[in-house]
Amino acid sequence: MAYLEVKGITKQFGGLVAVDDVSFEVEKGEIISIIGPNGAGKTTVFNMLTGVYQIDKGEIIFEGQPIHNKTPREIVKAGISRTFQNIRLFGNMRVIENVLVGTQIRTEYTFFDSFFRTGRFRREESEKVVKSVRILESIGLRERMDDYAQSLPYGEQRKLEIARAIATDAKIILLDEPAAGMNPQESEELLQFIRKLRDKGYTIILIEHDMSVVMNISDRIYVIDHGKRIAHGLPAEIANNEKVIEAYLGGVKKDA
Amino acid sequence: MAYALIAVGYSLVFGILRLINFSHGSVYAFGAHIALLFVGFQFGVIPAVLLSIVFTGLLGVAIDKTALAPLRKKNSIPIAALITTIGISNIIQNLLMIFFGSEKKAFPAFFDFGMVNLGIAKVNSTQIVMCVVSLILLAALMLLVNKTKIGLAMRATEQNAKAASLMGINVNFVIGFTFFLGGASAAIAGSLISGYYQIVYPGMGFMAGLKAFAAAVLGGIGSLPGSVLGGLVVGVSESLAATFLGSTYRDSMAFIILIIVLIFKPTGFFGKKTITKV
Amino acid sequence: MSDNKNKETAGSGFIYHMELFLERYKLPVSAVCALVLLAVPFMGFSQYIMRILIMIGVYTMLGMGLNILTGYVGQLSLGHAGFFGIGAYTGALLMLRLGVNFVFAAIVGACLAALCGLLLGLPTLRLKGTYLAIVTLGFGEIARMVFMNWAPVTNGTLGLKNIPRPSFFGFDLTLANHGLYYLMLVLVALVTVSCLAIIRSKTGRSFIAIKEDEIAATMMGIQITRSKVLAFVISAFITGLAGSFYAPLVGFIDPNSFTFDVSSLIISIVILGGMGTIRGMFLGAVVLIIFPEVSRFLMDYRFVVYGIILVVMMRFRPQGVLGWKSQMPYKLPRLAREELAKQS
């Protein structure tokens, strides 16, 4: 059985079928990309994976446990965390506080511990702060630790979102168009960082609509269009797949 | 029925701005007082009410232009606009108190044709007039929103203000116009209801505003027919509560209904469901 | 937003230096403040002024109570006068009818307010902010109607008279012997320290995260409704506590002591001082309690001015007078500092 198994998930909004019977599998330590033209249903897939939406049909199995239709909290606890296509940081909180919020799901001290500043509170709070600093260091944001998230430049905000996701102790990290709005140099750096994450044992699922970004980095690629999975394979296979080319060119034609 | 007229004002503004206009209750009291003022000038009842409609409508526009429009421009957090309307409500209500005195004042009953026998029950003619006028006004409002050009612009702004402005709709004008309608409907409600109870006081808007708000939410805020239905339900349940539980609980009825509705069906009878986008 | 940022950097010099100063001389500054506050009764102020000072303390607590909910979690309540009244009536009744000691009465009063907060919050806090505001407004009115109509207990519109002063071991605390003043100081200090402890923990971070972005907070595994209810309960508790102190302070309460005007005064304090700050609550209470006293001629316009404060603040400085963001580095816990120093 695969690490993460998605079987025939379907989501309808009124009459519109946003995601139609999509299946895919992810093995531990892979970088998987889900690509497709704008509006293909990629983000909806993420929303179903992370518990934002209930799924109408199908199953999502992670490490042998079904996680579909669980609350976001349960899913984060199980080890899946995400970033957002349009950055959603806690803008008026400091960089380190953003990461600390991420660690909270694994923070055990109770309200009374914090109220009375018990030893347990102080021990755990310091532990999490150290952990957060380490994460920021690894992503190159330690210098920015005291700044407010809002004041970071765009590229660093994206990185901070990833740092926050890592802080939840996620095993699988879902990245929703992480390179969007970055210049080629920034996005190359980011891809390097994603590779490093994979080498540390994280499993990564990426969403992109720009094929060129994911070609070099992905182990395997799934392509969806109009809510349906139309292709699947190694990057080289996808690049030459007729259906994929048609979906993308067709999309261009419609746009023009 | 009376609540329906006030509720419409909440619905209009909420529909377009997604903002609960807390000042609406005091705008309603303002409308009643202005009508009273002009009645005092011996203008006759109908012209007084018409003048009140104009002035109260303008007050609505002024509220929007001076306090709310700058917030929209700055893209402030929603809570900022909410607090602003509470502040405005404070200002209007207390200014009314200063200029008119906080005591209850007599208001002429202007449609009194005695009691009418309807076979099963005797009904005060004022009540009938109120019902009829309310229905006509609501029908007119609905025609305005659904059939006219400005109504189309209002509905477009409601759907997507940015897109509407790109299509050449003057969004600020539309919002201002909506506030005018809200104010005008409050003035009509104020005059009618004062004519019925024959008293006016600055605090009158507080309770009535709250109950009307409950009615608007019950009917599905943002929906005009919903407001009417909500108003009816609140009115009827209040009379029932007064009859069966004693009059002291009358005023709590609206809130109890409100809380129950919000728990079980927060969108009300006619409200639309929204999908959270991530 | 960019507009906002510019303003902050422009003002940064002054605030930065002030914060630096406070940080460096933290001990002497707080010692001086504490001494001054403790010495106030010996400065020969009239009872009238002492009374106003104690009132400021009461409203500081009320501000902090609402601030937990509005300033940190971003949920507006328009019914805090209700919790204030529940605390006041409960405390007063326990002391009047059962002769209970103040401390016990205050704790029961605060707990009962918190319980009402829980019962009201559980079903309603799932609602969007604006709906919550109106439900709380309704709650405030219902609470007042209960005070008015439950005559056998609350004495209806006549209110409760001759509420006994708090006493400790047979020693009555009054205005004249400054006992009430010191009791106020103790309560305000307790509430302040508690608020700080709550905010500087994962609970506080959850609160702020919810205000900043509810969806992102959900995706970080924060339990939104649970956190909101918790904030509501804490907020009601503090407000109820302030109420149980207020009743014996003034000696007489009736349903009209807890109208919507009180709720809107509390909101004005929070907004003026700065939502989401503790320091702001002191400033807000000082300004808004002293203001009507020094401007008796404006008495009628008092609530008009409160309204204007709300409107003007929202337009020009929504973060409040003292609502700046700290420019000091984030304060790392001592253990974490040592750990990080060791490794690098």
Counting other chain Cβ atoms within 10 Å of each Cβ in A:122-134 and taking the mean gives 5
Counting only DSSP beta bridges fully inside the protein assembly as shown, the antiparallel percentage to nearest 5 is 60
Dividing the helical contributions, -39500 (n - 2.57) per DSSP H run of n ≥ 4, by the residues of the protein assembly as shown yields a 222 nm value, nearest 500 deg cm²/dmol, of -20500 deg cm²/dmol
In debye to the nearest 20, the charge dipole size for region C:220-300, taken about the Cα centre with +1 at each Lys and Arg Cβ and -1 at each Asp and Glu Cβ, equals 400
Comparing B:Ala241, B:Ala215, B:Ala184 in a Gaussian network model of chain B (Cα, 10 Å), the one with the largest mean-square fluctuation is B:Ala241
Expressed in nanometres to one decimal, the distance between label points 7 Å along Cα→Cβ at B:Leu152 and C:Met43 is 6.9
Of all chymotrypsin sites (Phe, Trp or Tyr not before Pro) in region C:210-287, the ones in DSSP coil with at most 13 other Cβ atoms within 10 Å are C:Phe252
Footprinting proxy, B:Ser227, B:Ser252, B:Ser134: sorted fewest to most Cβ within 10 Å, the residues are B:Ser252, B:Ser134, B:Ser227
Those trypsin sites (Lys or Arg not before Pro) from region B:1-109 that are DSSP loop and have at most 16 other Cβ neighbours within 10 Å turn out to be B:Arg18, B:Lys104
Amide H neighbours of A:Gly58 at under 5 Å, excluding residues fewer than 5 places away on the same chain, with H built from the backbone geometry, are none
Counting only residues 5 or more apart in sequence or on a different chain, those whose built amide H sits under 5 Å from that of C:Ile253 are C:Leu160
Chain A: antiparallel bridges as % of DSSP beta bridges, rounded to 5, reads 55
One finds the C-alpha centres of region B:173-225 and region A:164-214 to be spaced, in Å, by 53
Listed by chain and number, the residues whose amide H is under 5 Å from that of A:Val19, excluding neighbours fewer than 5 places away on the same chain and using placed H, are A:Lys11
In the structure shown, of A:Lys57/A:Lys243; A:Lys28/A:Lys196; C:Lys128/C:Lys228; A:Lys159/B:Lys162; C:Lys211/C:Lys325, the pairs separated by more than 19 angstrom at the C-alpha atoms are A:Lys57/A:Lys243; A:Lys159/B:Lys162
Whole-Å distance linking the alpha carbon centroid of region C:166-219 with that of region B:1-74 is 41
With R₀ set to 30 angstrom, the calculated FRET efficiency between the beta-carbons of C:Arg200 and C:Met299, to the nearest 0.05, is 0.15
Bridge orientation stat for region A:69-218 from DSSP, antiparallel percent rounded to 5, came to 10
Put in order of increasing Cβ neighbours within 10 Å, starting from the fewest, C:Met64, A:Met48, A:Met215 give A:Met215, A:Met48, C:Met64
Under 20 Å by backbone N from the virtual spin label 7 Å along Cα-to-Cβ at A:Gln192, the residues of region A:150-170 are A:153-163
Most fluctuating of A:Ala170, A:Ala236, A:Ala180 in the GNM of chain A (C-alpha, under 10 Å) is A:Ala236
Between A:Ala2 and A:Glu127, the FRET efficiency computed from the C-beta separation at R0 = 35 Å comes out, to the nearest 0.05, as 0.55
In a Gaussian network model of chain C with springs linking alpha carbons closer than 10 Å, the residue among C:Arg334, C:Arg317, C:Arg51 that fluctuates most is C:Arg334
If every Lys and Arg gets +1 and every Asp and Glu gets -1 at its Cβ, then about the Cα centre the protein assembly as shown yields a dipole, in debye to the nearest 20, of 800
Rounded to the nearest Å, the spacing of the alpha-carbon centers of region C:148-162 and region C:17-81 is 32
Among trypsin sites (Lys or Arg not before Pro) in region A:1-63, those in a DSSP loop whose Cβ has at most 15 other Cβ atoms within 10 Å are A:Lys28
Dividing the mean separation of Cα pairs under 8 Å (6+ apart) by the residue count of chain C yields a relative contact order in percent of 30
Exposed GluC sites (Glu not before Pro) being those in a DSSP loop with at most 16 other Cβ atoms within 10 Å, the longest stretch of chain A free of them is A:109-256
Note: B:Leu58 to B:Ile128 extended length (0.36 nm per residue) minus current alpha-carbon separation gives 22.3 nm
Shielding of C:300-308 by other chains, given as the mean Cβ count within 10 Å, works out to 6
Diffing region A:101-107: the Karplus 3J(HN,Hα) column from phi (6.51, -1.76, 1.60, θ = phi - 60°), in whole Hz with x for Gly and Pro, holds 4, x, 6, 4, 5, 9, 9
Simple spin-label estimate for B:Ile256/B:Ser239, 7 Å along Cα→Cβ, in nm, reads 1.8
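Values in this text are rule-based calculations from the coordinates and carry no lab data. Since we're looking at a predicted model, the values are computed, not measured. Note: ideal-geometry Cβ built from the backbone for every residue, glycine included; neighbour counts use all protein chains shown.
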